[in-house]
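Below is one structure; the comments refer to it alone.
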Amino acid sequence: MNILISIEKLLSGKFVEGARMEFKKGWNPVPILRTITAFANDFGNEGSGYIIIGVEEEDGKAKRPVHGFNTDKFEQVQKELIGYCNLIQPSFFPRLSLETIDDKQVMVIWVPAGSNRPYKIPDDVTAKHKTYNYRIRQFSSSIVPNREQEVELVQLTAKIPFDDRVNSSAKTDDLSFALMREHLSKTKSRLYNDSASMGIEDLADAMNLSQGAEEHLFPKNIGLLMFSEEPATFFNGVQIDVVEFPNGLGAKEFNEKTFNGPIQKQLIDALSYLKVNVIKSKVIKYDETEKADKVYNYPYPAIEEALANAVYHRNYELRDPIEVRVLPSSIEIISYSGIDPSLKQSDFEKGIVRTRRYRNRRIGSFLKELGLTEGRGTGIPIIYKAMKDNGSDKPLFDTDAANRSFFVVEFPVYPDFNELDTGGSIGGAIGGAIGGAIELTARQKEIVKIIAADNKISYRTIAKKLNINDSAADKHIKTLKKKGVLKRVGGTRGHWEIINYEH
C-alpha cells in the first residue's frame, strides 16, 4: 500500500517534520516497534509518523543516495512485523509500502495515529520475558514517558481530534473519488496510479479516510472536510467570508464574498481573491538616489500564513465561519473558535509559538503535503518576518483571555500607503498625514468609547473591561496614539485626550 506523498517529498524533510520520521539502515524490530507505538500514541496530536528502512541518517536528515532495502526479505519482514504488532496492547497495525528512490527500493512503515490509545509495547519484543511500557515521541526519540506524561497520555484515551473521528451520520459515498485522486496527483503519490482501478471505499481506506467493519464503514471527518464536494452539508459554518469595508466598519457600504467547498479549496480561492483584489504594490523612489523600493499595502506571505493557520487550527465543531475583514487601514483575520488555552499572548508578541497539542492533526498533515502551510510552530515567525521585510508595522494578535472564544490577527496597512504615488518621490510623501477620516478597528473603537467615559482609566482596567490581555490593550492604545487619536497629558498620573476623532 503506497504512502500519500512521493518518497522524494518525504525524504526532503520539507513536507513532514523530522520528529515524525525515523530512518533505519536495516530491519531491527526492537527499536522499530518502540517507534511504531510512540507514533500510534501521538502524544502531541501531530498526525502520522513514518519509519523508512533502507535509509541512513546524517545530521538528522536522510543520507543520499539511500542504502536501500533488500526486497527479497519483504515477505519475511512483513510476517515478523505482524507478529510483533500483535504484542502491542491494544493491537495496532501500521501500513507498509515499498518505494523506489535513487534507483533502489526502501520500505516505508506508515503509522497513522491510533484510535485506541494509549498503546503499550514490550521494551524488547524479541525477549522471552517481556516488560511492557508506554512509548511517546519526544523530539526525534521514542521514550518511556515519565509519571506526569503517562497520566496525561492515559487521559487522552478516546480524546481523538475532531478531524480524525468517524462520522456515523455520513457514508463513504459522500466522499468524492475525483477529489481524493486530485490530492494524490498533487502530492505525486504512487497511489494515484493504483487508485484508477480502486473503488471509492478501497481508496478511502488506503488514504485512512474511513474506519469500521466492512458492513459498517463510515468516513472520518477529515474526509468530509477535504474530500466531499460540500462540507457545509455535514458541518455548519465551514466557509471563509471575505468582507470589504471601503469606508470603514461604521459605513453601510460593504462587499462580501463567501468561499465554500472543500476546506483546501476555500483557502486557495480566498487567497487568490485577496492577492488579485486586495494586495497592491507601489514603487517608492528617493530624492537623492536612484534606488527604488517596491512595497505592498499588505505582504502576501503574511496574509497567506495567517489564513492557512486559521483553516488549520479552527474548531470545526462550532458554526462560526472564518472571517477576513478588509478595512481602509488594516486587514483582520478572525477565527471565532479561538486558540488553544496553552498558548499565551506573550508568546505571540515574542514571535515564537508552539502549541503542546494540535487540534486538527490530519488537516495539518494534508495542508503541509499540499504546500499550503509551513512546519508546525513556524507560522508566527513567518508572519513577523514578512511584515518586517515589507517595512510594515508589527501585526497585532488579540483574544479574550479567559474564554478563548475568538482569535484575531490584525495587519496594519503599510504606513501612509495611500499617500504614496507610484513612481513618486518619498520626500514629503512619508511625512504627510493620512487624508480623510481616521479608520479604527472595532476593538480600537471600544477602547476610545471607554476612555471617553473615563479619561483617567489605566490600560490594565481597559483590558479587564474588554476581557483581553494587558499587553494586547497596551498595543491597541499605542496604535491609537500613533494614529493621532489619543494623547497622554500629565504623564502616568495624568489623563487621556481624544483628538482628531469623533466617537
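Observations on the model:
- Residue pairs whose Cβ atoms lie under 7 Å apart, sitting 6 or more positions apart in sequence or on different chains, and linking a residue in the stretch 445-465 that is among the hydroxyl-bearing types (S, T, Y) to a partner that is in a helix (DSSP H, G or I), are Y459/D470; Y459/A473; Y459/D474; Y459/I477.
- Within the option set A113, A158, being within 30 Å of P65 (Cα to Cα), at pLDDT below 95 and outside any helix (DSSP H, G or I) holds for one residue only, A113.
Residue by residue, here is whether (1) acidic (D, E); (2) at pLDDT below 95 holds:
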| site | (1), (2) |
| --- | --- |
| D287 | yes, yes |
| L307 | no, no |
| V326 | no, no |
| K344 | no, yes |
| G351 | no, yes |
| R354 | no, yes |
| Y358 | no, yes |
| S365 | no, yes |
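- Only residues that are free of Cβ contacts under 8 Å to residues at least 60 places away in the same chain, of a type outside the set (K, R) and surrounded by 16 or more Cβ atoms within 10 Å (Cβ to Cβ) were counted across the stretch 435-444, and they come to 1.
- All conditions in (1) modelled with pLDDT of 80 or more; (2) surrounded by fewer than 17 Cβ atoms within 10 Å (Cβ to Cβ); (3) not charged (D, E, K, R) hold for Y336, with the sole exception of (2).
- Among the residues making up the stretch 298-328, a single one is in contact with a Gly (Cβ under 7 Å, 6 or more places away or on another chain), of a type in the set (D, E) and not in a loop (DSSP other than H, G, I, E, B): E305.
- In the stretch 393-448, residue nearest to I380 (Cα to Cα) [restricted to those that are among the polar types (S, T, N, Q) and either modelled with pLDDT under 70 or assigned to a strand (DSSP E or B) (or both)]: T399
- Of the strands (runs of 3 or more DSSP E) that lie entirely inside the stretch 215-290, those containing 1 or more residues that are in contact with a Lys or Arg (Cβ under 6 Å, 6 or more places away or on another chain) span 240-244, 281-285.
- Hey, L184 outside the structural domain of I51 (by TED's automatic domain parsing) and in a helix (DSSP H, G or I) or not: yes
- Evaluated against (1) surrounded by 13 or more Cβ atoms within 10 Å (Cβ to Cβ); (2) modelled with pLDDT under 80; (3) more than 30 Å from K291 (Cβ to Cβ), T492 falls short on exactly one condition, (1).
- Residue check for I331: more than 27 Å from D163 (Cα to Cα), part of a strand (DSSP E or B), of a type outside the set (D, E, K, R) and modelled with pLDDT of 90 or more: yes
The values are calculated or read from the model by the stated rules, or taken from the named source; none is laboratory data. Here the structure is a predicted model, which means the values were calculated and not measured. Neighbour counts run over all protein chains shown; Cβ positions are idealised from the backbone, glycine included.
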